[in-house]
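Below you'll find the structure, written out as structure tokens, and then a few comments.
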Amino acid sequence: MPGDAPHTPAARTPAPHMPAPRQPGAPGTGARADRPESAVRAPGGGRAPAPGSGVVDPVKALLHRHRELCERAVDPLEIAAGLEAEGITDRTAARFRHRDVFSLAEELYARVPRTGEARPEPAPPLPVPRIRARWALTALLPGAAGAATVAGLRLTHGHPRLLVAVAGLLAVALAVRAALRTGPLAGPPGPRAWTLWLLGYALFGDGLLHNVLTGGPDTLPDGTPDGDWPTALLPPLALALAVAPAAWCAHLLAAGARRRLAGSRGLEDFTAAVRPLLFGTFTLFLGALAALLALCGPVLGEPAARPQALTLGALLLLARLLTVHRHRRAPALAQAAAAVTQAAALALPLAGRLPHCGFLATPVRTLVDAWGEAAVPALACGIAALTLLLHAGRTLTRASAHAPVGAPE
């Protein structure tokens, strides 16, 4: 209209941006639109780590922690034994999404980088110990040396008997040392001081205890079973002859455990399979030792002395088996406890001779009056052997105790 202001277009305010409708099935729609990518569940039911989320692969972390074990292992079963020794069980392996330690070890073995090395061709799953003529013959040497020494003592008198005894002890010691350095009994040295005490008590202990309780001793031992200080030749001779059965029983245990380890798929299965093998070989050795005692007793004209000899043989065998399989503390403690008990049985009657101290000899006198002098070593070695048997039932039935550490014998 005339007189009105000229018409100017008004400044337009931009309209708010409206998102375009998404097509069905496009990413970001539905229930997964509001869920972060790192929270997507894996097919196994857990949460799968998203790329770049910073979550560490648990198996990779385990491989980093045990890299040295995995790199030097020549077989997955060696890794399984090492993991089991570190306390990783089948239940622990389930947290790594594996059914048992063996399958976890197979993945660790496969993940170890071996670039630049020629991968060894698959050999037998585990090196099973083999029978060697060397250790089979060496195990017979202690028995042969012991038999020759006993024969020499029976045929000599006076000063030559002492020379024969010294030479025989030296020969038996060297033969036992050779038997413990090769074959299934080979391993680190055990508690030698306690072992020598136990063997010395088996030779002279019962006669010395009898003399102590009757007011002696007045003379030194002469090496005869009917002297003033009786010497028991039967237990040491039977134990020397039993070195060969001990070596064969140790071989049966090692070979059977390796075969069962190769065929097992779980630690519990391996333990259930090896426990009867352990107790079976232990019983087999006791049977062989009892047979040797029964055969040598009439030849030497001595009583069978089965309780103290059997318990001492059981203690020495279990101690050696545990030492061979890298368990040295328990055998040392058990043998020390048995030796200290025997020494206390000799010391208490001597202390009872002091004024007003007769009560100290009462426990030993009561035990000897009830079951004889042989009750002291039988109880001391029997309790120690039973303790080691229970300990061996827990340790020697584990896969880590039979892990291959070198070439089979």
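Below are the figures for this structure:
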quantity: Test: Gly280 is open to solvent by less than 30 Å² (accessible area, probe 1.4 Å) and either over 21 Å from Gly382 (Cα atoms) or not hydrophobic (A, V, I, L, M, F, W, C) (or both); calculated: no
quantity: Hits in the range 181-212 (condition: farther than 22 Å from Glu373 by Cβ and open to solvent by 50 Å² or more (accessible area, probe 1.4 Å)); calculated: Arg181, Pro189, Arg192, Ala193
quantity: Qualifying residue in the range 326-334 (condition: open to solvent by 20 Å² or more (accessible area, probe 1.4 Å) and in contact with an Asp or Glu (Cβ under 9 Å, 6 or more places away or on another chain)); calculated: no
quantity: Number of the exception - Leu155 against (1) touching a helix residue (DSSP H, G or I) at 6+ places or on another chain (Cβ under 8 Å); (2) without any contact (Cβ under 8 Å) to a residue 60 or more places away in the chain; calculated: (1)
quantity: Residue match in the range 219-237 (condition: among the small types (Gly, Ala, Ser) and either crowded, with 21+ Cβ neighbours inside 10 Å or under 23 Å from Ala145 (Cβ atoms) (or both)); calculated: yes
quantity: Top-ranked residue in the range 345-357 [being assigned to a helix (DSSP H, G or I) and surrounded by fewer than 16 Cβ atoms within 10 Å (Cβ to Cβ); ranked as nearest to the chain's Cα centre (by Cα)]; calculated: Ala347
quantity: Ala290 vs. criteria surrounded by fewer than 22 Cβ atoms within 10 Å (Cβ to Cβ), under 34 Å from the mean Cα position of the chain (by Cα) and assigned to a helix (DSSP H, G or I); calculated: yes
quantity: Qualifying residue in the range 371-387 (condition: surrounded by fewer than 23 Cβ atoms within 10 Å (Cβ to Cβ), under 22 Å from the mean Cα position of the chain (by Cα) and not in a helix (DSSP H, G or I)); calculated: no
quantity: Where Thr323 falls short, out of the listed (1) open to solvent by 20 Å² or more (accessible area, probe 1.4 Å); (2) under 30 Å from Leu252 (Cβ atoms); (3) not basic (Lys, Arg); calculated: (1)
quantity: Lone unmet requirement of (1) in contact (Cβ under 8 Å) with a residue 12 or more places away in the chain; (2) under 20 Å from the mean Cα position of the chain (by Cα); (3) open to solvent by 20 Å² or more (accessible area, probe 1.4 Å) for Leu390; calculated: (1)
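The values are calculated or read from the model by the stated rules, or taken from the named source; none is laboratory data. Bear in mind that the values here come from a model prediction, so they are computed numbers and not experimental data. In this analysis, Cβ positions are derived from the backbone assuming ideal geometry, glycine residues included, and neighbour counts consider all displayed protein chains. SASA here: full protein model, heavy atoms, side chains in, ligands and nucleic acids out. Shrake-Rupley method; radii C 1.70, N 1.55, O 1.52, S 1.80 Å.
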